[in-house]
Amino acid sequence: MPFIKVQTNQKVKKEEELLKKLSAEMAEQLGKPESYIMTALEAELKMTFGGSTEKTAFIEVKSIGLKQSMTEELSQFICEFMEKELEIEQDRIYIEFADAPGAMWGWDGGTF
């Protein structure tokens, strides 16, 4: 049920490795089984941040039961992860958090 989407303007050399690592670490951060985590990556997009085309990223985190009290810690973790893995400065990353009601999240022919 958690979905993490990374959009960046830079080339990512080991895309699958990055997605798998992000999946495992976000499962731990969110306290959810990794078997429900979905990650996606869109690299080499045309993007600007603050009028500059330097390295940047936009990350979406959607999950059932995502609490506002979790977002500060998640933001810190995600920014540190992106800085370490993709060398994107933390002040060039935006993150959108969204809590999804179970009835609005479909899976396996039903909803949660």
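No value in this document is a laboratory result; all are computed from the given coordinates. Since the structure is predicted, the reported quantities are computational estimates derived from the model, not experimental observations.
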Would you mind calculating the gained length between Leu45 and Gln7 on full extension (0.36 nm times residue separation, minus the Cα-Cα distance), in nm to one decimal? 13.0 nm
Fully extended, how many nm does the chain gain between Glu72 and Glu96 (0.36 nm per residue separation, minus their Cα-Cα distance)? 7.5 nm
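Is there a pair in Lys20/Lys84; Lys5/Lys55; Lys11/Lys62 whose C-alpha atoms are over 21 Å apart, and which pairs would that be?
Values: Lys20/Lys84 15 Å; Lys5/Lys55 17 Å; Lys11/Lys62 24 Å.
Table pairs above 21 Å Cα-Cα are Lys11/Lys62.
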Mind sorting out which of [x] 1.08; [y] 0.98; [z] 1.02 is the real Rg/Rh (Cα atoms, Kirkwood Rh) computed from the coordinates? [y]
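So if each residue of separation counts as 0.36 nm, and I subtract the Cα-Cα distance between Met38 and Lys20, what length gain in nm does that give? Write down the numbers at each step before the final one.
Numbers: separation 18, 0.36 × 18 = 6.48 nm, distance 0.95 nm.
Additional length available on full extension: 5.5 nm.
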